Amino acid sequence: MPYHKEEKRVLSVSDFVRLINALIGRLEPVWVEGEIIGLKNWKNRIVFFDIKDEKALLNCSIYYSRLQSLGLELEDGMKVKVMGTPELRKKRGKFNLNIRKVKLAGEGAFKKAYELLKKKLKKEGLFEKKKKIPNFVEKVGVITSKNGAVIHDFRKNLKKLNFKLFFKDALVEGERSAKSLTKAVKWFNQNMLDLDVLVIMRGGGSLEALQGFNNEVLVRTIFNSKIPTLCGIGHEVDIPLASLVADVSVSTPTAVATYLNKSWEVLEDRIPFFQERILNKFQESNNSLKQKIDNLSQKISFQFEKELDYFNSLVRESIQRISYGFNQTFNKFEELKNNLKNIFDILKRQKRIVKEEVENFKKEIIVSFQKRLEKKKEKISNQERYLKALDPKRNLELGYSIVFAENNKIIKKIKNIKKGQKIKTKLHDGSFLSKVKKINKKND
């Protein structure tokens, strides 16, 4: 019997592995720290490696796409902190940690990761291609933290040169900083492509504090930005990779403000030069024009003397013709004026006659209307008297009465009454009920 019970509990390998994974799957994700060894990238799908300390070794794996999203470049010998959930792998039967997050541990790891990624990106040429930041910058997109002195120092050092600032708050330190900065760069590229420059800033910090600015995803996003980028990120030794890939890089937020101010200095420096050139050109044009006028004046003067006599004769002849024409026109005007006066006199008389006729017609209409109104009033009075005479109430007041049957119908003929029938008699001031005892017809 005991042997029989034991056989019932026998599991297949697959079921056993599944059972183990179900049990350990209930565990909370854990952070483990150790040194990377045996790093392998399997077909850009999964990255396998072990982490170890002095006494133990742990198999680990992470999806390549997840590792890329973390923006880290890993290498053997690098000290890291990894977070994941344990599992027993079906095919190999090995205990493994499925990794979700990776953090560098220690200055040495940060330095290694920095150098690895820098070498990789430099080989791809990401630090060589630069976009030109235009002169006379106006519209500026600003990415930095709204907390702290960076944004205030930046504003304070900008000259009053009609800058238009568009601010996007972002985390500049911590494990979420790279994602926050990347999101801000993408937002400006999707919504404000007409910016002259995109500024990314933060104050000074160690290699670890600036880890967000050494993230591969952020660096590639800056490289692909359609808006020229200007980075002002303080650093102790190693230049952040975001600054290396930027189109222009300076060391501090104050230096960013100085750079933007200088984009206008070219114009400020050359204004006196342009002013002098304009004045010289004007003077040259003025002298040339004066010379042309003098030459033309001499020619006109000579020609004028030659043709003056001919001109005078023409003038005298023209004046005579004009004078004759004027006299004729004046006479015609006088004649027209007299004709118009006669017309106005006729119109005045006609106006007076028409006015009198209108007044007479108006009076006739009023008299006719009043007569018709009186006739209508008299007709209405006659109708009122006639209706009053026909009013049943008035007849009742004179001593007449109305007899109703039980169904409230008026009894008009004696033949409609039966002996013993109940009837209602209405007088002018009320009514009463009665019962028919005797009926007298006309012939009785």
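The values are calculated or read from the model by the stated rules, or taken from the named source; none is laboratory data. This one's a predicted model, so the numbers in the text were calculated from it and none came from an experiment. When we count neighbours, we look across all protein chains shown, and the Cβ atoms used for this are built from the backbone with ideal geometry, even at glycine.
Answer yes if at least one residue in region 436-443 is modelled with pLDDT of 75 or more and surrounded by 10 or more Cβ atoms within 10 Å (Cβ to Cβ), and no otherwise.
Yes, region 436-443 has at least one match.
Can you confirm whether LEU260 is farther than 23 Å from ASP194 by Cβ and in a helix (DSSP H, G or I)? Judged against the criteria, LEU260 is not a match.
Of everything in region 156-169, what is of a type outside the set (D, E, K, R) and closer than 15 Å to MET192 by Cβ? Give them in sequence order.
Kept after step one, since they are of a type outside the set (D, E, K, R), are these residues of region 156-169: 157-158, 161-163, 165-167.
Within region 156-169, PHE163, LEU165, PHE166, PHE167 qualify.
The residues of region 43-60 that are in contact with a strand residue (DSSP E or B) (Cβ under 9 Å, 6 or more places away or on another chain) and not in a strand (DSSP E or B), listed by number, are ARG45, ASP53, ALA56. Those strands (runs of 3 or more DSSP E) of region 188-256 in which at least 2 residues are closer than 22 Å to TYR114 by Cβ and among the β-branched types (Val, Ile, Thr), considering only elements entirely within it, cover 229-233, 248-250. With respect to the conditions (1) buried (at least 18 other Cβ atoms within 10 Å of the Cβ); (2) modelled with pLDDT of 90 or more; (3) not in a strand (DSSP E or B), PHE110 lacks only one, and its number is (2). In the set (1) touching a Lys or Arg at 6+ places or on another chain (Cβ under 9 Å); (2) surrounded by 14 or more Cβ atoms within 10 Å (Cβ to Cβ); (3) within 27 Å of VAL17 (Cβ to Cβ), SER65 fails one condition alone, (2). In the set LEU161, LEU171, only one residue is under 19 Å from VAL137 (Cα atoms), surrounded by 14 or more Cβ atoms within 10 Å (Cβ to Cβ), touching a residue at least 40 places away in the same chain (Cβ under 8 Å) and assigned by TED's automatic domain parsing to the domain that holds PRO240; that residue is LEU161. Applying the condition of being touching a Ser or Thr at 6+ places or on another chain (Cβ under 8 Å) and among the aliphatic types (A, V, I, L, M) to region 88-145 and asking which residue is farthest from ILE24 (Cα to Cα) yields VAL137.
For beta carbons closer than 6 Å, sequence separation of 6+ or different chains, a first residue in region 128-140 that is assigned to a loop (DSSP other than H, G, I, E, B) and a second that is among the aliphatic types (A, V, I, L, M) and exposed (fewer than 14 other Cβ atoms within 10 Å of the Cβ), the qualifying pairs are ASN135/VAL266.
Got at least one residue in region 185-202 being in the same structural domain as ILE222 (by TED's automatic domain parsing) and either in contact with an Asp or Glu (Cβ under 8 Å, 6 or more places away or on another chain) or modelled with pLDDT under 90 (or both)? Within region 185-202, one or more residues are in the same structural domain as ILE222 (by TED's automatic domain parsing) and either in contact with an Asp or Glu (Cβ under 8 Å, 6 or more places away or on another chain) or modelled with pLDDT under 90 (or both).
Condition check ((1) assigned to a strand (DSSP E or B); (2) under 20 Å from GLU175 (Cβ atoms)) across all residues:
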| site | (1), (2) |
| --- | --- |
| VAL17 | no, no |
| ARG26 | no, no |
| ILE37 | yes, no |
| ILE62 | yes, yes |
| LEU67 | no, yes |
| VAL82 | yes, yes |
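Being under 49 Å from the mean Cα position of the chain (by Cα) and more than 30 Å from SER12 (Cα to Cα) is the filter; apply it to region 40-62 and report the residue that is surrounded by the fewest Cβ atoms within 10 Å (Cβ to Cβ). Restricting to residues being under 49 Å from the mean Cα position of the chain (by Cα) and more than 30 Å from SER12 (Cα to Cα), the top hit is LYS43. In the set (1) out of contact with any helix residue (DSSP H, G or I) (no Cβ under 7 Å at 6 or more places or on another chain); (2) modelled with pLDDT under 90; (3) among the aromatic types (Phe, Trp, Tyr), the condition left unmet by PHE166 is number (2).
Yes/no matrix, rows are residues, columns are (1) polar (S, T, N, Q); (2) closer than 23 Å to GLN211 by Cα; (3) at pLDDT below 90:
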| residue | (1), (2), (3) |
| --- | --- |
| ASN21 | yes, no, yes |
| ARG45 | no, no, no |
| PHE49 | no, yes, no |
| LYS55 | no, no, no |
| GLY71 | no, yes, yes |
| GLY106 | no, yes, yes |
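Tell me yes or no: at least one residue of region 24-32 is closer than 15 Å to VAL102 by Cβ and surrounded by 15 or more Cβ atoms within 10 Å (Cβ to Cβ).
Step one: list which residues in region 24-32 are closer than 15 Å to VAL102 by Cβ, which gives 29-32.
So of that shortlist, the ones also surrounded by 15 or more Cβ atoms within 10 Å (Cβ to Cβ) come out as 32.
Yes: one or more hits.
When region 190-201 is filtered for residues that are crowded, with 18+ Cβ neighbours inside 10 Å and either among the polar types (S, T, N, Q) or out of contact with any Leu (no Cβ under 8 Å at 6 or more places or on another chain) (or both), the ones remaining, listed by number, are LEU195, ASP196, MET201.
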